[in-house]
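Visitor: Got a structure for you, questions after.
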Amino acid sequence: MDLTTVDGLPLHPLIVHAVVVLLPLAALCALLIALRPAWRRRFGWPVLALTVAGVAAVPVAQVSGEQLQGALGVANPLIQRHADLGGELLPYALAFGVLVVAFLLAGRKADQETPGGPANWRRVAVVAAVLVAVAGVASTVQVVRIGHSGSTAVWNGVGGR
């Protein structure tokens, strides 16, 4: 599959915007539903869908970036730095996605616990909420680092400076 151009323009910057928007937005939404159980019950499925879309966009962006790098045919250390950072995002995104699923499942189980009884699932849900927040922040930081390196590569001249 060729993910290099659309109508003569590089496709990679367009695909990257899906990651840049969806992954941090999913992290923000996951943080919000982690803070308010009522919001988790109401918005858990949409946040999960947003998370899955953001995570799924990562490998597509990586493939299109590799193809664009190959099509450019220049050895630029700025582009290489961007590619290296981009190659590191998927584990962060996958961990975030798995933790969102675990948090939503633990939250559902916590909602089913009887009041006054042991709060085992509530404790698990709280730990999962903290982990979701940490993973969401880590994913967002990586997206910002990657985006900054990519924009630096573009603005400092892709073709061989």
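Rundown of residues vs (1) over 22 Å from Val134 (Cβ atoms); (2) under 21 Å from the mean Cα position of the chain (by Cα), yes/no style:
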site	(1), (2)
Thr51	no, yes
Ala56	no, yes
Val60	yes, yes
Gly65	yes, yes
Gln69	yes, no
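Visitor: Could you look through the stretch 68-102, keep only residues that are among the small types (Gly, Ala, Ser) and closer than 19 Å to Ile15 by Cβ, and pick out the one that is modelled with the lowest pLDDT?
Guide: Initial filter on the stretch 68-102 (among the small types (Gly, Ala, Ser)): 70-71, 73, 75, 83, 86-87, 93, 95, 97, 102.
Those left that are additionally closer than 19 Å to Ile15 by Cβ: 70-71, 83, 86-87, 93, 97.
Details: Gly70: 87, Ala71: 84, Ala83: 93, Gly86: 95, Gly87: 95, Ala93: 98, Gly97: 98.
For the stretch 68-102, the residue satisfying everything is Ala71.
Visitor: Just checking, which of Ala30, Ala53, Ala57, Ala38 is within 19 Å of Val98 (Cβ to Cβ) and free of Cβ contacts under 8 Å to residues at least 40 places away in the same chain? Spell out how you get there, then give the answer.
Guide: Working: Ala30 fails: free of Cβ contacts under 8 Å to residues at least 40 places away in the same chain; Ala57 fails: free of Cβ contacts under 8 Å to residues at least 40 places away in the same chain; Ala38 fails: within 19 Å of Val98 (Cβ to Cβ).
Checking each option against the conditions leaves just Ala53.
Visitor: Another question, if that's okay. Kindly evaluate Arg36 against the criterion of being over 12 Å from the mean Cα position of the chain (by Cα) and at pLDDT below 95. Can you show your working first?
Guide: Numbers: over 12 Å from the mean Cα position of the chain (by Cα): yes; at pLDDT below 95: yes.
When the stated conditions are applied, Arg36 passes them.
Visitor: Hey, another quick one. Starting from residues that are over 17 Å from Ala61 (Cα atoms) and among the charged types (D, E, K, R), keep the ones in the stretch 82-112 and report whichever is least open to solvent (accessible area, probe 1.4 Å).
Guide: The extreme case among them is Asp111.
Visitor: Only one of Val127, Val134 is under 22 Å from Pro24 (Cα atoms) and over 13 Å from the mean Cα position of the chain (by Cα). Can you tell me which?
Guide: Values: Val134 fails: over 13 Å from the mean Cα position of the chain (by Cα).
The match here is Val127.
Visitor: So, one more: Could you please let me know if Leu68 is in contact with a Pro (Cβ under 6 Å, 6 or more places away or on another chain), touching a residue at least 24 places away in the same chain (Cβ under 8 Å) and more than 16 Å from Leu22 (Cα to Cα)? Can you show your working first?
Guide: Values: in contact with a Pro (Cβ under 6 Å, 6 or more places away or on another chain): yes; touching a residue at least 24 places away in the same chain (Cβ under 8 Å): yes; more than 16 Å from Leu22 (Cα to Cα): yes.
Yes; evaluated as a whole, the condition is true for this residue.
Visitor: Looking at Leu28, Leu35 in this structure, which one is surrounded by fewer than 16 Cβ atoms within 10 Å (Cβ to Cβ) and within 21 Å of Gln112 (Cβ to Cβ)?
Guide: Values: Leu28 fails: within 21 Å of Gln112 (Cβ to Cβ).
Residue meeting the stated conditions: Leu35.
Visitor: Among the numbered criteria (1) open to solvent by 30 Å² or more (accessible area, probe 1.4 Å); (2) in a helix (DSSP H, G or I), which single criterion is violated by Ile146?
Guide: Among (1) open to solvent by 30 Å² or more (accessible area, probe 1.4 Å); (2) in a helix (DSSP H, G or I), Ile146 violates only (1).
The values are calculated or read from the model by the stated rules, or taken from the named source; none is laboratory data. Predicted model only: the values in this text are computed from it and were never measured. A quick note on method: Cβ atoms are made from the backbone with ideal geometry, for glycine too, and the neighbour counts reach across all protein chains shown. Ligands, DNA and RNA are excluded from the accessible area calculation, which covers all protein heavy atoms including side chains. Shrake-Rupley method; radii C 1.70, N 1.55, O 1.52, S 1.80 Å.
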